[in-house]
1. Enumerate the calculated ³J(HN,Hα) couplings along the range 46-60 in order (Karplus 6.51 cos²θ - 1.76 cosθ + 1.60, θ = phi - 60°), each rounded to whole Hz, writing x wherever the residue is Gly or Pro.
2. Fewest Cβ neighbours within 10 Å first, please rank F80, F92 accordingly.
3. How do I53, I14 rank when sorted from fewest to most other Cβ atoms within 10 Å of their own Cβ?
4. By count of other Cβ within 10 Å, fewest leading, how are V20, V56, V46 ordered?
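No lab work stands behind these numbers, since they all come straight from the coordinates. Treat the numbers as computed from the prediction; the structure is a model and nothing was measured. Note: ideal-geometry Cβ built from the backbone for every residue, glycine included; neighbour counts use all protein chains shown.
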Amino acid sequence: MKFDNSKILLGILICLIFIVLKPAPEYPTYHQPNFPSSLEGGETVVPLGENRIAIVDTDNSSGYHGEIMIMEYNDSSSQFELIGKHNYIEDFFE
């Protein structure tokens, strides 16, 4: 059985039409809790993933300059709970 070019091109055209008309996949969306990107005292809030944030104190006049606090949102209490903290400035002077 012999195929000519027109049948091959017609098959490619039909495949392309199916690809174009195929609906796009839907991915679940992640909704972060509402929190500001910065706080009043010079702290910066950084989202780390689902239900986790880091608060970095960038105020040079603060006694906590360089402190990073990792917090996780607790759905049952509707509050952020401290998981851990570290001062990255101390690592520079060791």
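1. 10, x, 10, x, 5, 6, 10, 9, 10, 10, 10, 7, 10, 7, 5
2. F92, F80
3. Fewest-to-most Cβ neighbours within 10 Å comes out as I14, I53.
4. Values: V20 7, V56 17, V46 12.
So the ranking, lowest neighbour count to highest, is V20, V46, V56.
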